[in-house]
1. Would you point out which residue out of B:Lys199, B:Lys193 is farther than 30 Å from B:Leu125 by Cα, of a type outside the set (A, V, I, L, M, F, W, C) and more than 9 Å from every other protein chain (Cβ to nearest Cβ)?
2. So A:Tyr355 fits all but one of (1) within 13 Å of another protein chain (Cβ to nearest Cβ); (2) touching an Asp or Glu at 6+ places or on another chain (Cβ under 6 Å); what number is the exception?
3. Pick from region A:160-187 the residues that are over 21 Å from the mean Cα position of the chain (by Cα) and of a type in the set (D, E, K, R): which of them is modelled with the highest pLDDT?
4. For region A:293-344, give me each residue that is in a loop (DSSP other than H, G, I, E, B), open to solvent by less than 70 Å² (accessible area, probe 1.4 Å) and farther than 30 Å from B:Pro183 by Cα.
5. In region A:251-285, which residue that is within 15 Å of A:Tyr194 (Cβ to Cβ), outside any helix (DSSP H, G or I) and open to solvent by 40 Å² or more (accessible area, probe 1.4 Å) is nearest to the other protein chains (Cβ to nearest Cβ)?
6. Being closer than 18 Å to B:Ile51 by Cβ and surrounded by 24 or more Cβ atoms within 10 Å (Cβ to Cβ) is the filter here, so list the residues in region B:95-115 that pass it.
7. When region A:36-87 is examined, which residues are found to be more than 26 Å from A:Tyr247 (Cβ to Cβ), open to solvent by 80 Å² or more (accessible area, probe 1.4 Å) and either in contact (Cβ under 8 Å) with a residue 24 or more places away in the chain or not hydroxyl-bearing (Ser, Thr, Tyr) (or both)?
8. When you go through (1) in a helix (DSSP H, G or I); (2) surrounded by 12 or more Cβ atoms within 10 Å (Cβ to Cβ) one by one for B:Arg222, which number turns out not to apply?
Amino acid sequence: MDTVQNYKCPCCGASLVFQNESLHCDSCGNNFELDAMRQIEDVGSQMQGESKYDWEHYEPRSYEGGEGAALASYTCPSCGAEITGDDTMGSTVCPYCGDAAVIKGQFEGTLRPDYIIPFKTDKKAAMAAFEDDFKNAPFLPDEFKIKKKIEEMTGVYVPFWMFDCDCNAAITYGAQRVTSWSDSNYNYTKTDYYRLFRSGSVGFTNIPVDGSKKADDAYMEAVEPFRYEDAVEFNGAYLSGYMADKYDVSAEESIERANERVTNSTVSVFRETTDGYAAVIPESTKISFSGGKIRYSLLPVWMLNIKYMNNTYKFAVNGQTGKVVGEYPIDNRKKWRYFAKIAGVAYIAAAVIAYFLLH
Amino acid sequence: MKRFVTIMIALLCFVSAITVYADFINPTITDSVGYLTEEQNKELSARLDKIRKQYNFDIVFVSEDRLSAYDAQTSADDIYDYNGYGYGENYDGILFYIADAERKYHFSTYGSGMTIFNENGLAYLEKKIVPSLKEGDYYTAVKTYADCAQELLEMAAQGKPFNKRQHSTQYILGVIAGAILLPLLLAYFMMKKKLAKMKTAVKEDNAANYMKPGSMTLDFSRDIFLYSTVTKTEKVKSNSGSHTSSSGRSHGGSGGSF
């Protein structure tokens, strides 16, 4: 027995009524070709569905044999950061809060990283990169240059979860194409509405997600990208002269952020196949993959805390590329003076243009 | 011989004088509605008559109870064309027309009137006259018409026809508002751009840097047309340009409602 096919309006979701050889929506007043609606139903049913992000379980590893013998654990009593460093490290400051009273303790030998990207930018180069960045900060208070108190710049291996996946994607976009013309009496604008279906696959490798609660996520994502081709199997010897944090955000807790970044990038890359439309908006996204890989890695970051006017300003320098990120104090007088200067010049230009428009 | 030449010159002057007066056979004011009192009519007729003789240019005011054609432009043009208005072989002149019932007005120009009362000149006339029409003060409206027409005719006589651009209040306010707000917006966005350099620690929502090169494959792609919408907006018309009247003559003019 034939079943009655009930089509829903792609614009408002109301039921469509067959009328004059096409399907009509009483709710929004639009008409749709029957063939187009059949295609949308057929293709749409294949494209719809829940995303399935299937990551492999990550099993933590421990240091083996005498591998951790030369390492020590350091705890910051101020912010609670637990840092690993070499056993011979002298007085040091906490890379996260700048406190100098870091307490040395027994190295536990757990949570051994899989990979590490060794520092390529040394302390001098990192400081020079910061000085360059600092010179280009436009609204920096003059006093900051004199009164700033630069705490020790510390090289820290920050724990990151690295995510690999080859995903299948099925994405539906709403799109518009606009054409305009005119006759002697009227200007016309015709907007054609489309539904675009795209599916395919794309692979990602080494998407980093910050595994430390102490390291600010915004700083750690801003200091990206890291070049993972420089990564090597972890060896405790790489920690010599540097500090290393260990993860306190589990792989499972980091998955959500990895999924967000995979989804955003996939939608973005498939959108590049929708040329010729004035507006393209994603309507539904189905991402699926299985066996996504997770690795625990240490990535090199120089941390710098600057004390100025009772505040601590934090900066991070990518220990591989020298990229500087942070937040500078703002001199509001300089900021508004710049605003007034631009507005003043613009007002002169606007006055000249207005004069010609009115005369 | 000398006497003959004198007679010929006198005859020529007489003939020319007849020709000039023959060009102004119509009254300057035909107020069928009765907007003007007899005294006002007499005063303004004399004023317009003086102007048209001074500048050899016909200047007329006509009012009707209702439109004599399907719109004010056609009515004004037809009255001008079929009643012998205009001076000289080019029928130079301007006619100010009002249809009372429809509350429409129109200025019809012809010959050199199309240059003297060009687009900007007519806009100037409208700006000065229409407020009086809206107030029902037709005497002031016709008087202002005479004043403005004389002003523009004098400028043309001196070789500099009025051509100062005239703008609507809406346009002027738009330009002023733009001149005030746009510099502020520009300064604000430029300041925001600079401020972005002060805080570079911001999250990265994308993972484009970590996409495997060449890994993207498109297996299926289909674009399905859903529906179209068409919007139409009426063009802003400037009816002060040249147009052809029912007699086939090309008039200038401008008009509207009051």
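The values are calculated or read from the model by the stated rules, or taken from the named source; none is laboratory data. Please read these numbers as outputs of a predicted model, since none were measured by experiment. So basically every Cβ, Gly included, is an ideal-geometry build from the backbone, and we count neighbours across all protein chains shown. When the accessible area is computed, the model is the full protein with side chains, heavy atoms only, and any ligands, DNA or RNA have been set aside. Shrake-Rupley method; radii C 1.70, N 1.55, O 1.52, S 1.80 Å.
1. B:Lys193
2. (2)
3. A:Arg177
4. A:Gly319, A:Gln320, A:Thr321, A:Gly322
5. Within region A:251-285, the match that is nearest to the other protein chains (Cβ to nearest Cβ) is A:Thr273.
6. B:Leu95, B:Phe96, B:Tyr97, B:Phe107, B:Ser108, B:Thr109, B:Tyr110, B:Gly113
7. A:Arg38, A:Asp42, A:Gln46, A:Gln48, A:Glu50
8. Unmet for B:Arg222, out of (1) in a helix (DSSP H, G or I); (2) surrounded by 12 or more Cβ atoms within 10 Å (Cβ to Cβ): (1).
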